[in-house]
Each structure stands twice: as structure tokens, then as C-alpha cells.
Amino acid sequence: MYSSDDTDVARLRGTQLNSVVSVSLPMMLANVGSGSCVLLAFAPHFPTGLLLWLGLLSLVCAFSALGWYRARKRPIVRASSASAHKATLHAAILALMWAWMVLTWFPDASRGQQLAIATIVTGMIGAGSFVLSPLPYASISYTLIYSFAAIGALWLSGQTAYLGVAILVLLYSPMVLIGSLFAWRQSTDLIAAKARSERQEQEMTVLLQDFEHNAGDALWETAVDGKLNHVSPRLTDVLLLRDGENSAYSFHQLLAMRCPDNLAQLEMLLGEGSAFRDVHLTMLSAAGDKNLVMTGKCLYSAEGMFVGWRGVLTDVTDKVKSEQKLRELAHTDSLTSLANRFYLREALSEAIEQHKPLALLCIDLDRFKVVNDNYGHSVGDALLIVVAKRLGACAGEHALIARLGGDEFAIALWGHDVEAAARKLAQQVVQSVAEPIALAERQFRIGASVGFTLRSETHCSLDDLLVQADIAMYAAKEAGRGRWRSYSHELGDANRRRLSIEQGLRSAIDNGEISLHWQPKLDLQSGKITGAEALMRWHHPELGAISPMEFIPIAEQCGLIDSLDIWALTEACRAGTKELAGLTIAVNVSASQLQFGEYLHHLKQVLRSSGIAPEKLELELTESVLIEDADKAMTVLNDIRSTGVRLALDDFGTGYSSLSYLRRFPFDTLKIDRSFVTELLTKQDARAIVRMIADLAKELGKRTVCEGVESDEQLQLVRAAGCHEIQGYLISPPCPLAAFPHELDAQLRARLLAAAGTP
């Protein structure tokens, strides 16, 4: 009542205030009249200030009457809690005016005057409390102020006889308050009940009106003979009734003529005599089929006799069409109009449940990202639409083609000999997508990598199929793109192994599984070991030893190469200041480290923390770091070179081996790839390449290191070619730090000296 501003409470307050405001004028007139009676009781000798009191009382009553006059034609609908508090204040002010009179003039008045005042005050307490009962705070404050003023006046009179009167006031006032609150509670409940009744009546009226005017709903009622008692315009529209048709046929016959496919269902429902609901009917019409939903129940008389049926017939044609459209949208790719991922999953799940033999092809477009990035998404979207049409032409009508998202598609095949069909289709897709696509006066060549899997085992789940097709597709990409691969257990094992390696890498360093092995570098001129290359080794607790050629690419792909490279750099620099002090330490650096990481910052940190001389550290990089972004690579390599750290170009001679690299980039060392060293004894061109690289490095002021030297004959040829250093099993295989050979054994040194004397 006094705190909530809820709409229903506000309406209740408005009603209560209206009941008080409606009697405001009689109340104010009664107050002025009662004040005049007090004045007459003291006539003709008026006490000092009594006229002033009557004037102020009349002024307060006049203001209240003015408020009533202004609001007489604007009844309060909703009132705020502040309005209720304001009414309480008005009641308190009026009661205080009377308290002033009682406390001031009652004690010294004569017996007759006191009797007049007591009679007036008693009447004012009862009448005011009752009139203000719709506003309990106002009624309570009004009654209490009057009562305390009366008791105070009796006490101030100093007459013992008035003690009984004071006790009566103390007993009388709570009874008045209780009666007032009881009246307020009854009136509140009555108003609330009336409001609920009116609201329910309005809701029922709205519902009935809405039901009658709803284009899809129609009431129907039949008599004992089955004919319609009343045919509403809505029922005529729904059933397309002709004039007089309802009187010639029963309701069952009307439905049977319009819904022949549901004849048996109608006979069963109406013959059972039980209530039914949401029975779907298909009505045939010249404008097209209509979808109806019927609900009905039997009617019985007071004596229990069957008197007919009553129910509702609803036209849900638009709703059914909307639901079908929504289902189509939910299962269709908006760009290509192919099925989407959700529909593909539903179709595959259904086929799996029915144990159908099926094949699933997963298709990923090659070089699509380049076109999309360089020519914009609109061209990319146009390409996807063309590809979707080509897939449809390849697959035919009996296959389900879906776009999984981006440039990924899938095709599901059912039926016998799906393996042969899948192989043929995969080849057709590769060939079709590889054909040039003409768009906007340009020709684009993309391509597709296709992987497929077959479901021949009953325990193969939907997710297994999708994963297997993905594995086969990625295998096709890794094999060179623009080709297809079928899933095999070997591919599955390789994928599971890759996942195991990726998961193991995340904790390999913390678990101490990664270690560094060292391979010495021999200076051919001095015959001494002057350097050592740090090579990572990993011994997996379950998979055993894993080659860096296997786990390094996986680390680069899953974003773990940063932590591996930083760890290797830190460990190598530590060893370079202790066990391998005095040697040049070579550490391999991944291309992704320099492209995306903060390698320079980490390098400076490691140099500071380890204390290794920068010129004793050599970073080995492959050409891939130069190919991706040559300008950025130039900036990063120059920054690294400015620290004093040496740079080596690894595997030189393979890949592009552009001479511009040697002119532009600050490399100190060229490492000749082991493939040339291996062929030195068998191919003349290999000797020529090694000699040419050594001569070129000499002219450019760079050192050369030959990798993979394993025999004395290779050593002689490498030395004759003019290389500076060698590295290979002839000197030592990669070994743990504790087994690193700081000097050559006597026999090897003798062979080295003999090689030095070879022309």
C-alpha cells in the first residue's frame, strides 16, 4: 500500500483515494461546522486565539475542498505511494489543528463548555477514523493524535473525576482503530476481488472475440443426427461450404468429401465417442491442399443422454508452410542452396540407424583462400556457387551434397557397391573442380582435395565417419593437393599417433622428456673441434624415441614451437658457458619463431642471463624464413645480427637457393645439405655443386659447413672442394653432453692428416 509501485497496487491505491476524496467536501464542512459549535460554546466571551484557530481550521478545510473541486471530474485511476503518504500528512495536519484547540482551551473551560468539546471530539474521532479507513496510515495518525490530545487535555484539567473519562478514551480509541483497519481490509479485499473479476471478464471477452475473428479457427457443433446446429462464417470459410450443403449432409460426410485420405481416421474417432484433440486432416481443394487440425468432445444432456458433438476446427495451412520453410532454412546453406552440416548429420544418423552401406566424401578447396583474400568475398562466394553446381553435376540426384562451412563440402552416397562409386566420384570431383572458372572476365584455377571413408562396420558411429573422412582429406592435402585419398587403418593410426605426439608435447619439457644431443663440428684447417650443434631429442614414455623430423612440424602447427625453441636456446647457451665453453654453439631456429614470436627479445634475455659471448652463438635457419616475408625477415635478421650473434643458412643447395639471399641477408655461414655430400662419390654434378658453393662462399667472405660426412673418401672430396668445416658421423653422431668428444681420437686425427696431404 505504501511502498510498492506495482501497477495493480497503484490501481488499488487510486480506488482507496477516490473513496476518501469523494467525501472530502462533507468532511471539511463537518470540520468547519464542529469548529463553529466550539465557538458558540464559548460565546459571548471568546478566549484569546480561538477565533484565529477557527480561521486557520477553515483555511485548511478550504484548501482541501479546493483540491476536491479540481479533481471531481478526474477520478484517480492509479496513485503512487507518495500520494498515500501525502493523504496521511493532510489527515495529521487536520488532527493537529483540533489537538491545538483541545489542549489549549479544554482544561480551563466550564463544565458545559467541556461537555460540548468532549462531545464534538468524540464524534470527530469516530467519524474521521471511519471516513479515513481506506487509508490506514491516515486513519491511525488521525485517531492517535485526537486520542492523545483528549487524554492530555483531561490531565491538564487537574480534575480527578476525569480519570475515568481518560480510561474510556484509552479503551475507546483502540476499538475505533481496530474497526477502521478491519473496514480497510474488507474494502481492500472487495476492491481487489472486483478488479480480478473485471480483468477476467475482459480477458474472456478478448479471448472470445479473438477466437471468433481468428481466420484459422472455427467452432462446430452437431446434433444427434450428426448435422451442424450452427454454421458460422468462419466454418464456412474453412470448409468452403456451399449454400444448403450443411443441411443436406452431416458434418462427418462434409469432412469425408473434403478429406478422403482421412476417412478411416474420422470414422474411428467419431465412432468411439471419446474426446479427441489435435487430429491432423488434409483437405483437398482447387486452390491447393489445406492443413486442418480438429478437436472435439461428446455432449450429454443433464440426464446423461448423448446429444451431439462440439469442437474446434483450425486451418493451420500457413503455419505448416512456415514450419516447412523454417525446416528448409535450418537445413539449407543460404549461399549455395545445398544441404548444411546439420541436415547432413541427420541424414547420416538415419542411414546408420538403418544399417545402410554408405560412403562419405569430405572435400576441401585448394588455393581458395588466396582468391578470397586477393579478390574479395564476393568473388569467393561466386566461386563457391560454381563449385556447388559442379559437385551436383558430378554426384547426380541420388547423393546428398552439403556445404560444411567456408570452402569445405561433403557428399554422402548410399546403396550397393558404394566403394566403387565413391572412388569414381572422388576422381570426378578432383577433375571437375580443377577446371578453370571464369568470373568477372577473369579465369581462376583452384582445385580440390578429397578424402572418403566407407561405413561397412556396424559399430562405426557418425562422428567416426566424419573424423575418418577428414583424416583422408588432410592426407590428400599433404600428398600434394588436387588428389583424393581413401581412409585406411594406417591413416587412422598415423592420425592417432600425431594426436598423441601433440598432447605429449604440451608437457614434454616439464616432464624432462626433451633433451639436447650435440654433434661436433670439425675445422678442417686446424683439425680441431671448434663447434657443436644442439639437436633436440624426445623420448616419449609410450611411443619411445620420436624423431625431430616428426615432432618439430607438429609443434609448429599446434603453436608449441615457441616454448621448444626458447628452451633449446636457453639450454644450449648454458652449456656453451660451462661444459662446451670455448666452442661455437649452433642452435636451430624455426621460421615461425621469427615471423610471429618475440624471438629477439627472448634472445637478448638468454644472452644476458647465460653470459655467453654473442659471437660464440650461431643460429641456423632454413630458406623458409626468407620465402614467407622477405622484408620482415631482413629486418629481424639484421636486428639479431646487431647483437653479435652469428647466422647460418641451413640446408643450402636445396629449395630455391637464390643467390639474392646471399647478397641481401647477413648470413655468416652456409651449410651444404647432406644430400650433396652423400652423392659426392657417385655423381660428378654433386662434386661440382659442392665446389661451386664453397667458392661462392669464399668470394662472399662466408664460411661453409658440410653436413653428413661419414667416410674418409667424402672427407677428402669435401676438403678438396675448399669447405671450412665438416659435421657428420665420421667425427661423431649426435650424443649426450656427457659423451661429447672435445678432441679427435688418434686414429681419426691420423686419417685427417692423411686427407690433408691428398692433392
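The values are calculated or read from the model by the stated rules, or taken from the named source; none is laboratory data. Since the model is a prediction, treat every value here as computed from it, not as a measurement. Cβ: placed from backbone, ideal geometry, glycine included. Neighbour counts: every protein chain shown.
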* Asked: Pick from 439, 425: which is in contact (Cβ under 8 Å) with a residue 40 or more places away in the chain and within 23 Å of residue 373 (Cα to Cα)?
  -> 439
* **Single residue of the range 704-735 satisfying the filter (part of a strand (DSSP E or B) and not polar (S, T, N, Q)) that is nearest to the chain's Cα centre (by Cα)** => 735
* To do: Find the residue count for the range 283-316, including only residues that are over 21 Å from residue 222 (Cα atoms) and exposed (fewer than 15 other Cβ atoms within 10 Å of the Cβ).
  => 6
* Neighbours by Cβ (under 6 Å, 6+ apart or cross-chain): first from the range 557-583, in the same structural domain as residue 740 (by TED's automatic domain parsing); second acidic (Asp, Glu) -> 558/502
* Asked: Mind checking which pairs have a first residue in the range 689-715 that is in contact (Cβ under 8 Å) with a residue 60 or more places away in the chain and assigned by TED's automatic domain parsing to the domain that holds residue 664 and a second that is assigned to a loop (DSSP other than H, G, I, E, B) and of a type in the set (A, V, I, L, M, F, W, C), Cβ under 9 Å, 6 or more apart or different chains?
  -> 705/723
* Failed item, numbered, when residue 291 is tested on (1) touching a strand residue (DSSP E or B) at 6+ places or on another chain (Cβ under 7 Å); (2) farther than 19 Å from residue 256 by Cα -> (2)
* Structure fact -> Of (1) farther than 30 Å from residue 424 by Cβ; (2) assigned to a strand (DSSP E or B); (3) not assigned by TED's automatic domain parsing to the domain that holds residue 292, residue 360 fails just (1)
* **Where a residue in the range 460-473 is more than 12 Å from residue 358 (Cα to Cα) and its partner, wherever it lies, is part of a helix (DSSP H, G or I) and polar (S, T, N, Q), with Cβ under 8 Å and at least six apart** => 471/495
* Looking at the range 35-62, which of the residues that are closer than 15 Å to residue 96 by Cα and of a type outside the set (A, V, I, L, M) is nearest to the chain's Cα centre (by Cα)? -> 61
* **strands (runs of 3 or more DSSP E) contained entirely in the range 367-478, each with at least 3 residues that are modelled with pLDDT under 90 and among the charged types (D, E, K, R)** => none
* Hits in the range 252-295 - residues which are β-branched (Val, Ile, Thr) and farther than 20 Å from residue 228 by Cβ -> 282
* Asked: What tally of residues in the range 541-564 results from selecting those that are part of a strand (DSSP E or B) and surrounded by fewer than 18 Cβ atoms within 10 Å (Cβ to Cβ)?
  -> 2
* From the list 235, 228, which one is modelled with pLDDT under 85 and within 14 Å of residue 313 (Cα to Cα)? -> 235
